[in-house]
Amino acid sequence: MTRFTVVTITFNAEAVVGRTLDSVLAQTYEGVEHLIIDGASTDATLRLVDAYKRRSDESGSGHKVIVQSEPDEGIYDAMNKGLTQASGDYIVYMNAGDFFPAADTLEQMAHRCHLNELPSDELPAVLYGQTDIVDDEGRFLRHRRLQAPARLTWRSFRQGMLVCHQAFYARTDIAKNLQYDTQYRYSADVDWCIRVMREADRMGLPLANAGLVVANYLDEGATTKHHRESLRERFTVMRRHYGLFTTFAMHAWFVVRSAVMR
């Protein structure tokens, strides 16, 4: 059975982490490893996590829950810790406040992408799907403006991050060799996704579209709160991968598109 590693990054997240944990526990797919990487929370986060681990152990779901709590050097450092420990065939990040839209989301991913019919060395390098945006209470707000394309390549992100990080499942054996670049504060996830897809292209491996919403994403993340800094950093990431001319032209188009949509 193809296994999924779900990584959840937490820090003082008692207000929102419960629905994330509940959505992982509810997954009907048996091959789930859940790594919770906590940045030494001082609120009730760890109490909620410990209670969740006990519930998971007692549920007979077959899920494996691992908790680590210690200071870190930021979210991408924490993500690298999760990546280093991951043992599943695929890794996906579902951070505090984000959650799976249905109990059979992972089961549907495996079924639609034919994962359990393929030998491990022929598995797609990336699985991906659509994302919905939710508020602090987990209520649906809207479909994500940037929609995942029917066919994804590493060049697709010239148009922006068309696949949300929480809807991007990377093959772990590939991802482990491509850790998050912690020089970036807000856009290391964009850079990481592009590098994973470039490696998939080099290896001749496909990227598989699951064709469904696979993540509910909490609005007002760090990128949204630090919008200007994030845009500057994202320009640097895109220039690194696509060149200055292409990046400048695409950002000019982003400005025009934003003005038309207002």
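A single entry from LEU118, LEU162 fulfils the requirement of being loosely packed, with under 15 Cβ neighbours inside 10 Å and on the phi < 0 side of the Ramachandran plot: LEU118. Here PHE248 clears all of (1) at pLDDT 95 or above; (2) open to solvent by 50 Å² or more (accessible area, probe 1.4 Å); (3) aromatic (Phe, Trp, Tyr) except the condition numbered (1). The residues of the stretch 84-99 that are open to solvent by less than 10 Å² (accessible area, probe 1.4 Å) and within 16 Å of ALA167 (Cα to Cα), listed by number, are TYR90, ILE91, VAL92, TYR93, MET94, GLY97, ASP98. Considered as a group, the residues in the stretch 28-82 that are assigned to a helix (DSSP H, G or I) and either in contact (Cβ under 8 Å) with a residue 60 or more places away in the chain or aromatic (Phe, Trp, Tyr) (or both) include one that is surrounded by the fewest Cβ atoms within 10 Å (Cβ to Cβ), and that residue is ASP77. Counting just the residues of the stretch 114-128 that are among the aliphatic types (A, V, I, L, M) and not in a loop (DSSP other than H, G, I, E, B), which one comes out nearest to THR172 (Cα to Cα)? Looking at residues that are among the aliphatic types (A, V, I, L, M) and not in a loop (DSSP other than H, G, I, E, B), I get VAL126. Condition first: assigned to a helix (DSSP H, G or I) and more than 24 Å from ASP22 (Cβ to Cβ). Now tell me which residues in the stretch 134-187 satisfy that. TRP154, ARG155, SER156, PHE157, ARG158, GLN159, THR172, ASP173, ILE174, ALA175 - these are the residues of the stretch 134-187 that are assigned to a helix (DSSP H, G or I) and more than 24 Å from ASP22 (Cβ to Cβ).
So, in the stretch 167-211, exactly how many residues are farther than 16 Å from ASN95 by Cβ, of a type in the set (Ser, Thr, Tyr) and in contact with a strand residue (DSSP E or B) (Cβ under 8 Å, 6 or more places away or on another chain)?
Initially, the stretch 167-211 is screened for residues farther than 16 Å from ASN95 by Cβ, giving 171-179, 181-184, 191, 194-211.
Right, trim to of a type in the set (Ser, Thr, Tyr) and you get 172, 182, 184.
Narrowing further to those that are in contact with a strand residue (DSSP E or B) (Cβ under 8 Å, 6 or more places away or on another chain): 172.
Count: 1.
Just checking, does the stretch 123-146 include any residue being surrounded by 15 or more Cβ atoms within 10 Å (Cβ to Cβ), over 21 Å from LEU162 (Cα atoms) and in contact with a Phe, Trp or Tyr (Cβ under 6 Å, 6 or more places away or on another chain)? For the stretch 123-146, residues surrounded by 15 or more Cβ atoms within 10 Å (Cβ to Cβ), over 21 Å from LEU162 (Cα atoms) and in contact with a Phe, Trp or Tyr (Cβ under 6 Å, 6 or more places away or on another chain): absent.
Of the residues that sit in the stretch 1-27 and are farther than 30 Å from ALA125 by Cα and in contact with an Asp or Glu (Cβ under 6 Å, 6 or more places away or on another chain), which one is least open to solvent (accessible area, probe 1.4 Å)? Selected residue: ASN12.
Within the stretch 135-155, residues that are at positive phi reach partners that are among the charged types (D, E, K, R) with beta carbons closer than 7 Å, at six or more positions or on different chains, in the pairs GLY138/ARG19. Regarding ASN177, is this residue under 17 Å from MET79 (Cβ atoms) and surrounded by fewer than 20 Cβ atoms within 10 Å (Cβ to Cβ)? Yes; evaluated as a whole, the condition is true for this residue.
Residue-by-condition table, conditions (1) under 25 Å from ARG47 (Cα atoms); (2) in contact with a helix residue (DSSP H, G or I) (Cβ under 9 Å, 6 or more places away or on another chain); (3) not basic (Lys, Arg):
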residue: TYR90; (1), (2), (3): no, yes, yes
residue: MET109; (1), (2), (3): no, yes, yes
residue: ARG112; (1), (2), (3): no, no, no
residue: THR131; (1), (2), (3): no, yes, yes
residue: ASP136; (1), (2), (3): yes, no, yes
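Residue count for the stretch 204-228, restricted to those that are at pLDDT 70 or above and assigned to a helix (DSSP H, G or I): 2.
The values are calculated or read from the model by the stated rules, or taken from the named source; none is laboratory data. Not measured: the values here are computed from a predicted model. So basically every Cβ, Gly included, is an ideal-geometry build from the backbone, and we count neighbours across all protein chains shown. Quick note on the areas: whole protein, heavy atoms, side chains included, nothing else; ligands and nucleic acids left out. Shrake-Rupley method; radii C 1.70, N 1.55, O 1.52, S 1.80 Å.
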